[in-house]
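A.B. asks: This is the structure I have questions about; it appears just below.
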Amino acid sequence: MADPRNIDIKDQPGFRSIAIICLCVLYVPVLILMIFSLNSGSLVTQWEGLTLGWYGSALLNEEFHSAAKNTMIISVTATIISTTTATLAAIGMTRVKPWRGLSTAFMIINLPLMVPEIITAVATLSFFALIAGMFGLNFGIGNLILAHTVFCIPFAYMPIRARLEDMDLTLEYAAADLYATPWNAFKRVTLPLLVPGIMSGAALAFIVSFDDFTITQLVAGPGQTTLPLYIWNQIRRPMTPEINAISTILLLVSILFVSVSFLIARRRAN
Amino acid sequence: MPDKPGRNAIEVVDVSKIFGSGEGQVAALDTVSVSIRENEFFTLLGPSGCGKTTLLRLIAGFDFPTAGEILLYGQDIAPLPPFKRPVNTVFQSYALFPHMTVADNIGFGLEMLGKPKAQIKVRVAEMLKLVKMEALAGRRTSQISGGQQQRVALARALAPQPKVLLLDEPLSALDYKLRKEMQIELKRLQHETGITFIFVTHDQEEALTMSDRIAVMSSGKILQVGSPWDIYDKPAERFVADFIGETNFLTAAIAGVSDGKAQATLKSGATINATVAEGFQPKDKATIVVRPEHAKLTAAKGDLSGTVENIVYFGTDTHIQVRLDSGEAFTVRQQNTRSAGCGFEQGEKVGIAIGNDAAQVLRD
């Protein structure tokens, strides 16, 4: 058999056409969306000329401001809480003597990834309705933060755990051997080496929370409109390229965020 | 070789380590006792799985014995966590902290001990000089070669001036030439620092050339402790004789044991002198060992006779494999001269002379 390293993927029959189709399906719609954000006409399907006007009106739009603010409050808070929780969980599940129920705990943490989101959404909604009815408790935007934190945890957990499992345990032995107490060994060796994992965990959690729609739509109360909900509300009215501009802004924020965390993670890893 | 008895740095007393439970129990160490003297270069030698690394980990504190005591200058350290033991380790993989510079790695132990910054700086500079790494103090550990990483690992472990330095096969990742250099370097460091070294290796040559004393281990037990010379020339058991160097095993009838010497009658009928380990009373039949370089091939009839089967040239010497008339195999090692051949040919009938002090009776 030929050495697989000598096989050039580009020579394989059909590779080019399949690759081109995949790239088109994935990115052409996004590209069209971005192009029409620059359309001077007021239709999202008919090109009339070039303008940045829709970005101007989007940035001056009060509703957009308030949605962006809500989104940032929810996403940032949920990211911080879920990443911290996930970090502690990952450490508690890799850096201790194996305990009874370890694999069950692992399953429970990752279960939200398997449960259809609409089920989680309905369940969360009923849960908040229940505690509101029984105890008269309503945490306002806290409800959304709580809901987001819960579904962000598995996303934050996975890269952190992977990093911990890849890490050479001997480094921690070496720290202990060199008189580091368990806390010092964690602070000076484990944690700094874990930072790239924590960064990618946090980036994932942020992105997942930032564009969540299903759960947010069901749980959000009045005045708790997030950006995805705002866009959803806009497209139910006659659409203008302003929505394209807003979507493009969202996309750029996501790309920027992911790139920055990726670059930081790579620099720390080297 | 004179023994220089000093204080014991480490005393391992009846230590057992059992992994697993129930049916799957494995004794990695089985009631092991050994004393390691102050300032000694002590080697734990054995094949993989013999328990040598387990014993080292118990001394370091990465694991705790199932039974027994480990005394460091008389104090039982077995229950202490690693960060409370004045003992440092050089790891097989070096385990340098990748996010710190060479200097920060070396200073880590002192920093954790809470030493003042100025003092750490002085000590780190000293250590860098000791291992000749001054020029690379500011480098990341990923930016230096394997041999340099090895030096940093040594400096890092020596910096806090441990009472005992543990070395877990530290040379196994280096290529042959670098390994030879580091063997000399390690001896020098041990001499200069005066710290007790406990060195783990599976490489018998490394053990023989570097150690003051060697403990040969197999299946969780220590079989023999002694100087390299003792271990090589007076192996007590078949495993020790077989594991260290090449050797010939012969069965012999034993008679007249006195003064540590026995009369051993070989299958060929010849009777030779063989040394017996102190305090050991051999039965009528025993295995004796003769090192290939302690026997001499002769054209005339010797203590043994046989036919040359194979001649292997090794540069410095030649190994001549002889099939004895009794059916056993026997190898003779003969020093080469520059111009002459070994003087024997394949198929030739030869005799083998065994010197007066060449044979040792085994305990098995």
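A.B. asks: Springs between alpha-carbon atoms under 10 Å, Gaussian network over chain B: tell me which of B:349, B:285, B:177 tops the mean-square fluctuations.
C.D. replies: Maximum fluctuation in the GNM of chain B, among the listed residues, is at B:177.
A.B. asks: Okay, next question. Taking 8 Å as the Cα distance limit and 6 or more residues as the minimum spacing, I'd like the relative contact order of chain B as a percentage.
C.D. replies: Rounded, it is 15 percent for chain B.
A.B. asks: How much length would be gained if the chain were fully extended between residue B:298 and residue B:142, taking 0.36 nm per residue of separation minus their Cα-Cα distance, in nm to one decimal?
C.D. replies: Gain on stretching residue B:298 to residue B:142: 50.4 nm.
A.B. asks: Give the whole-number value, in cubic angstrom per residue, of the convex hull volume spanned by the C-alpha atoms of chain B.
C.D. replies: 178 Å³
A.B. asks: So what is Rg over Rh here for the protein assembly as shown, counting just Cα atoms and using Kirkwood for Rh?
C.D. replies: Over the Cα atoms of the protein assembly as shown, Rg/Rh equals 1.16.
A.B. asks: Okay, moving on. Amide H of residue B:342: which non-local residues (sequence gap of 5 or more, or other chain) have their own amide H closer than 5 Å, using H built in the peptide plane?
C.D. replies: none
A.B. asks: Let me ask another. Just want the ordering: A:11, B:14, from fewest to most Cβ atoms lying within 10 Å of their own Cβ.
C.D. replies: Ascending Cβ contact count within 10 Å gives the list A:11, B:14.
A.B. asks: Rounded to a whole number of µm²/s, how large is the Stokes-Einstein D of segment B:38-125 at 37 °C and 0.692 mPa s, given Rh as the Kirkwood radius over C-alpha pairs?
C.D. replies: Details: Rh = 15.3 Å.
For the chosen part, D equals 214 µm²/s.
A.B. asks: Normalised radius of gyration for segment A:63-269, please: alpha carbon Rg relative to 2.2 N^0.38 Å, two decimal places.
C.D. replies: Relative to the 2.2 N^0.38 Å estimate, segment A:63-269 comes out at 1.18.
A.B. asks: Same structure again: Quick one: net charge of residue B:335's neighbours, Cβ under 14 Å, K/R +1, D/E -1?
C.D. replies: Net local charge, residue B:335 excluded: +2.
A.B. asks: On a 25 Å Cα-Cα criterion, which of the cross-link pairs B:129/B:180; B:187/B:221; B:121/B:180; B:177/B:296; B:84/B:180 come out too long?
C.D. replies: B:187/B:221; B:121/B:180; B:177/B:296; B:84/B:180
A.B. asks: Now for a separate question. Arrange B:63, B:76, A:177 by Cβ neighbour counts within 10 Å, fewest through most, would you?
C.D. replies: On the way: B:63 17, B:76 13, A:177 29.
By the 10 Å Cβ count, ascending: B:76, B:63, A:177.
A.B. asks: Quick one: grab Rg to one decimal and Dmax as a whole number for segment B:259-364, Cα atoms only, in Å.
C.D. replies: For segment B:259-364, the Cα-based Rg and Dmax read 14.7, 47 Å.
A.B. asks: Now for a separate question. Farthest toward the dipole's positive end in the protein assembly as shown, which of B:358, A:23, B:269, given Cβ charges of +1 (Lys, Arg) and -1 (Asp, Glu) about the Cα centre?
C.D. replies: In the protein assembly as shown, that residue is A:23.
A.B. asks: Compute the acute angle (0 to 90°) between the alpha-carbon long axis of helix A:15-36 and the principal axis of greatest extent of the alpha-carbon atoms of chain A; round to the nearest 10°.
C.D. replies: Long axis of A:15-36 versus the principal axis of chain A: about 60 degrees.
A.B. asks: Let's test the formula: R0 of 25 Å, r as the Cβ-Cβ distance of residue B:11 and residue A:96. What FRET efficiency results, to the nearest 0.05?
C.D. replies: Efficiency at R0 = 25 Å is approximately 0.20.
A.B. asks: Another question about this same structure. Could you list A:152, B:50, A:22, B:342 in order of exposure, starting from the residue whose Cβ has the fewest other Cβ atoms within 10 Å?
C.D. replies: Final ranking by Cβ density, sparse to dense: A:22, B:342, B:50, A:152.
A.B. asks: Which residue, B:340, B:262, B:252, tops the fluctuation ranking in a GNM of chain B built on C-alpha contacts under 10 Å?
C.D. replies: B:340
A.B. asks: Between segment B:40-108 and segment B:250-326, what's the alpha-carbon centroid distance in Å?
C.D. replies: Using only Cα atoms, the two centres lie 42 Å from each other.
A.B. asks: Okay, next question. In angstroms, what radius of gyration and Dmax does segment B:100-161 have, counting Cα atoms only?
C.D. replies: When restricted to the Cα atoms of segment B:100-161, Rg and Dmax are 10.4, 31 Å.
A.B. asks: Could you work out the local net charge near residue B:56, counting Lys and Arg as +1, Asp and Glu as -1, over the other residues with Cβ closer than 10 Å to its Cβ?
C.D. replies: Within the 10 Å Cβ shell, the charges total -1.
A.B. asks: Just to confirm the filter: which GluC sites (Glu not before Pro) across segment B:275-344 are DSSP coil and have at most 12 other Cβ within 10 angstrom of their Cβ?
C.D. replies: B:278
A.B. asks: Picking from A:82, A:254, A:17, which is most flexible by a Gaussian network model of chain A using Cα springs under 10 Å?
C.D. replies: Between A:82, A:254, A:17, it is A:17 that shows the largest mean-square fluctuation.
A.B. asks: Taking the Cβ-Cβ separation of residue A:57 and residue A:131 as r and a Förster radius of 41 Å, what is the calculated FRET efficiency to the nearest 0.05?
C.D. replies: Computed FRET efficiency for residue A:57 and residue A:131: 0.50.
We did not get these values from a lab; they are worked out from the coordinates using the rules stated. Quick caveat: nothing in here was measured; it's all calculated off a predicted structure. Here the Cβ is made from the backbone with ideal geometry for all residues, glycine too, and neighbour counts use every protein chain on show.
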